[in-house]
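Enquirer: The structure follows.
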């Protein structure tokens with residue numbers, strides 16, 4: 001049970017992070033701090049976080065939940 005909660009909390013944390021990233025990125029959806037855009041997310045090495053770290057972490061959380069549900073069903 002605690003592992004399920006931890007994985008769901010991790011996925012919710014990624015959803016909040018992606019939402020905040022989108023609300024602060026330059027563009028028409030920038031609602032937070034419109035006078036100071038956050039441009040670092042597109043520069044090296046910061047581009048690795050949204051490009052590889054976040055998707056792989058989401059995948060690992062989903063696979064962990066899948067494995068936990070499979071063990072519980074067996």
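Taken together, the values in this text are just the output of simple stated rules run on the coordinates, not laboratory data. This one's a predicted model, so the numbers in the text were calculated from it and none came from an experiment.
Enquirer: Do the sum for the chain: with -39,500 (n - 2.57) for every DSSP H run of n ≥ 4, divided by all residues, what is the mean residue ellipticity at 222 nm, to the nearest 500 deg cm²/dmol?
Expert: Value at 222 nm, helices only, nearest 500: -20000 deg cm²/dmol.
Enquirer: Next question, about the same structure. Return one number: the angle in degrees, 0 to 90 and rounded to the nearest 10, between the long axis of the Cα atoms of helix 2-24 and the longest principal axis of the Cα atoms of the chain.
Expert: That helix lies at roughly 10 degrees to the long axis.
Enquirer: If you don't mind, there's one more thing I want to ask. Quick one, can you get me the convex hull of the C-alpha atoms of the chain expressed as volume per residue in Å³?
Expert: 92 Å³
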